[in-house]
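Heads up: the structure comes next, in structure tokens.
The values are calculated or read from the model by the stated rules, or taken from the named source; none is laboratory data. Just so you know, these numbers come straight off a predicted model, no measurement behind them. Glycine also receives a Cβ, built like all others from the backbone with ideal geometry; neighbour counts cover every protein chain displayed.
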Amino acid sequence: MSGVWRLAFGVWRLAFGVWRLAFGVWRLAFGSIVHHTEKAIPIFTAIATVASGKVFIVCRGMFSHVVIFWTDSGKPDAPAELIAAAKKYLTPIPGIVNFHIGKMATSHRDVVDQTYQVALNIQFQSKQAQDEYQDHPQHLEFVKQCKPLFAKVVVYDFE
């Protein structure tokens, strides 16, 4: 009898796992991201599965802001300080959908620029949200506090 219960429990666990996976895909397809403002931000317009089995997520209204920093070589702690300051000052700013900052990742590929030390990638709901971010007091304070930490900065914005 023990084997029958084990089999039944295994089937139940499998069915529950499939349900959880289906629910997760549904949430991804029709879900929203809730940010600090407690407003729901719908970001997905479509999910398409192609013959290869890959899933492509199509986002609407996104605006990306990529900032590349070359830190002052005379300040060895500058990359860590820059990353900590960005997390402190920038993450609370409204309108940010995705925030990622980190040190340059080494690569064996010649095409990858490895001269910088820190990169920041922020995605916003819209260009307007990014424009508001630029004038936000927290962003202005970040620039003021961190300007001495870097020797060069390059910004790439795209829709």
- Query: Taking residue 66, is it surrounded by fewer than 16 Cβ atoms within 10 Å (Cβ to Cβ), modelled with pLDDT of 95 or more and among the β-branched types (Val, Ile, Thr)?
  - Reply: yes
- Could you tell me whether segment 118-137 includes any residue that is under 17 Å from residue 89 (Cα atoms), β-branched (Val, Ile, Thr) and in contact with a strand residue (DSSP E or B) (Cβ under 9 Å, 6 or more places away or on another chain)? yes
- Looking at (1) at pLDDT below 95; (2) within 14 Å of the chain's Cα centre (by Cα), can you tell me which one residue 101 breaks? (1)
- When segment 71-93 is checked residue by residue, the ones that are in a loop (DSSP other than H, G, I, E, B) and buried (at least 20 other Cβ atoms within 10 Å of the Cβ) are 93
- Task: Working only within segment 111-140, note down all residues that are surrounded by fewer than 17 Cβ atoms within 10 Å (Cβ to Cβ) and either basic (Lys, Arg) or farther than 21 Å from residue 82 by Cα (or both).
- Result: 111, 112, 126, 127, 128, 131, 132
- Taking segment 97-127 and keeping only residues that are free of Cβ contacts under 8 Å to residues at least 12 places away in the same chain and among the polar types (S, T, N, Q), one is left with 106, 107, 114
- Query: Has segment 94-101 got at least one residue that is assigned to a loop (DSSP other than H, G, I, E, B), farther than 19 Å from residue 155 by Cα and not aromatic (Phe, Trp, Tyr)?
  - Reply: yes
- Message: Looking for something assigned to a strand (DSSP E or B), at pLDDT 95 or above and surrounded by 12 or more Cβ atoms within 10 Å (Cβ to Cβ) - is there at least one such residue anywhere in segment 42-62?
- Response: no
- Note on the structure: Residue pairs within 6 Å by beta carbon, gap of at least six or interchain, first lying in segment 132-146 and assigned by TED's automatic domain parsing to the domain that holds residue 89 and polar (S, T, N, Q), second modelled with pLDDT of 95 or more and part of a helix (DSSP H, G or I), listed first then second, are 138/89; 145/85
